[in-house]
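Worksheet: the structure to be examined is printed underneath.
The values are calculated or read from the model by the stated rules, or taken from the named source; none is laboratory data. Because the structure is predicted, anything quoted here is derived from the model rather than measured. Methodologically, a virtual Cβ is constructed for each residue, glycine included, from the backbone with ideal geometry; neighbour enumeration extends over all protein chains shown.
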Amino acid sequence: MLNTFFISALCFLLTCSVNGQNAPAFKYAPLFSAIIVKNVDTSAAWYQAVFDMKTKNRINDVEHGFRVVIMEHSSFLLELIENKSWPDQRQVLSGKPEGTRIKGFFKIGFSVDNIDECLRQLALLKIIPQRIYTDSETKKRNFLIEDPDKNIIQFFE
């Protein structure tokens with residue numbers, strides 16, 4: 001899924017910017033990413049609508065209490081994992097300061113060719129960013145949205 005690709009791409013870009021002179025001697029490319037979701041069906045429908053991802057595989061392990069949907073789009077995969085036996089993060093974080101996380105990514109970033117077209121497509125899905133940011137130097141814009149599980153996704157011009 002795009003999410004998988006962008007998590008991998010984000011990690012790659014961060015690695016390159018931090019270790020630019022220590023680049024690995026081997027080549028690699030993003031393959032997949034996995035995220036925890038509350039409901040795989042809801043999340044799969046959302047990622048299909050927003051990123052045009054298709055369902056490649058479904059796993060329903062009733063005995064162990066988890067469901068998995070593997071989404072794909074061109075050269076990347078996104079694994080959505082729902083596990084009812086894991087504790088609910090909201091309950092665990094109840095009473096903690098706002099923004100406290102147990103683990104995970106802060107956000108995933110995507111580059112788009114046409115940010116206005118991206119905004120139009122998201123508006124058709126009733127996804128409206130709260131704010132559009134403009135870089136003071138480049139004048140390029142970016143904005144944030146959330147998936148059904150409040151994972152933050154950022155789009156850059």
| said: So Cys118 ticks every box in (1) assigned to a loop (DSSP other than H, G, I, E, B); (2) touching a Phe, Trp or Tyr at 6+ places or on another chain (Cβ under 7 Å) but one. Which box is left unticked? | reply: (1)
| query | Are there any pairs with C-beta distances below 6 angstrom linking a residue in the range 56-75 that is exposed (fewer than 14 other Cβ atoms within 10 Å of the Cβ) and in a loop (DSSP other than H, G, I, E, B) to a residue that is modelled with pLDDT under 90 and polar (S, T, N, Q), with the two at least 6 apart or on different chains, and if so which? | reply | Gly65/Ser85
| task | With respect to Lys150, determine if the residue is closer than 20 Å to Val50 by Cβ, part of a loop (DSSP other than H, G, I, E, B) and among the basic types (Lys, Arg). | result | yes
| task | Check the range 110-118 and report whether any residue there is aliphatic (A, V, I, L, M) and surrounded by fewer than 17 Cβ atoms within 10 Å (Cβ to Cβ). | result | yes
| field | Among (1) more than 25 Å from Val50 (Cα to Cα); (2) surrounded by 15 or more Cβ atoms within 10 Å (Cβ to Cβ); (3) of a type outside the set (D, E, K, R), the one test that Leu122 misses | value | (1)
| query | Can you find a residue in the range 95-114 that is modelled with pLDDT of 90 or more, in a loop (DSSP other than H, G, I, E, B) and over 17 Å from the mean Cα position of the chain (by Cα)? | reply | yes
| query | So Pro30 fits all but one of (1) in contact with a strand residue (DSSP E or B) (Cβ under 8 Å, 6 or more places away or on another chain); (2) closer than 14 Å to Asn151 by Cα; (3) modelled with pLDDT under 75; (4) of a type outside the set (A, V, I, L, M, F, W, C); what number is the exception? | reply | (2)
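Within the range 33-45, restricting attention to residues that are part of a strand (DSSP E or B) and closer than 23 Å to Cys118 by Cβ, which residue is modelled with the lowest pLDDT? It would help to see each step written out before you state the result.
Let us first name the residues in the range 33-45 that are part of a strand (DSSP E or B), namely 33-36.
Still in the running and closer than 23 Å to Cys118 by Cβ: 33, 35.
On the way: Ser33: 82, Ile35: 85.
Taking the candidates together, the pick is Ser33.
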| message | Among the residues that make up the range 46-60, is at least one of them touching a His at 6+ places or on another chain (Cβ under 7 Å) and either modelled with pLDDT under 60 or of a type in the set (Asp, Glu) (or both)? | response | yes
